[in-house]
1. Please compute the length gained on full extension between Asp47 and Asn67, using 0.36 nm multiplied by the number of residues separating them and subtracting their Cα-Cα distance.
2. Counting only protein heavy atoms and a 1.4 Å probe, tell me what percentage of the chain's accessible area is made up of carbon and sulfur.
3. Please list, in chain and number order, the residues 5+ apart from Val93 or on another chain whose amide H is under 5 Å from its amide H, with Hs placed from the backbone.
4. For Rg and Dmax of the Cα atoms in Å, the listed values are (1) 13.5, 39; (2) 13.9, 45; (3) 15.6, 49; which was obtained by calculation from the structure presented?
5. I'd like the antiparallel share, as a percent to the nearest 5, of DSSP beta bridges with both residues in the chain.
6. Starting from the amide H of Leu4, placed 1.01 Å from N in the peptide plane, find each other amide H under 5 Å away whose residue is 5 or more places distant or on another chain.
7. Ignoring ligands, DNA and RNA, what accessible area per residue does the range 43-124 give at 1.4 Å, in Å²?
8. I'd like to know how the range 48-111 sits against the 2.2 N^0.38 Å rule of thumb: what's its Cα Rg over that expected value?
Amino acid sequence: MNDLNIPATQSTPAIESDVSRGVLVLRGDSYPENSFELFGPVIKWVDEYLVSSQAPLALSLELQYLNTSSVKAVMDIFDLLEAAHGESREVSVIWYYDARNERVGELAEEFKEDCTFPFEVVSR
């Protein structure tokens, strides 16, 4: 299984994975022209990781702005994590946000309410 290494642009986050450590990191703003083009490979990577390995998966988010289609894509990723957690897989999310950006903090808290797996929201 290959790692993801998608550099950030002005409108898309940096996306990096490390299969050997079971880590996926999304960092930056997310308002792509085509969210499926950006997030399709990420969703596929998460799904393949969860199918091919029993190792834990930790998702680290440092997303400061998300448009509606990015929110939907993140929800799709969380759905995969929720399903894996339901099968006793060790998955977790830490969402870091700028304390001055309350809107993103509130969004992260809303996501957290819908998830049963370990989910931290951390202001910086």
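The values are calculated or read from the model by the stated rules, or taken from the named source; none is laboratory data. Model, not experiment: these values are computed from the prediction. Areas reflect the complete protein model, heavy atoms only, side chains present, ligands, DNA and RNA absent. Shrake-Rupley method; radii C 1.70, N 1.55, O 1.52, S 1.80 Å.
1. Using 0.36 nm per residue and subtracting the Cα-Cα distance, I get 4.9 nm.
2. Of all accessible area on the chain, carbon and sulfur atoms account for 48 percent.
3. Here the answer is Leu59, Phe119, Glu120, since their amide H atoms fall under 5 Å of that of Val93.
4. Answer by label: (1).
5. 30
6. Distant-sequence amide H within range of Leu4: Ser17.
7. Ligands and nucleic acids excluded, the result is 55 Å² per residue.
8. 1.21
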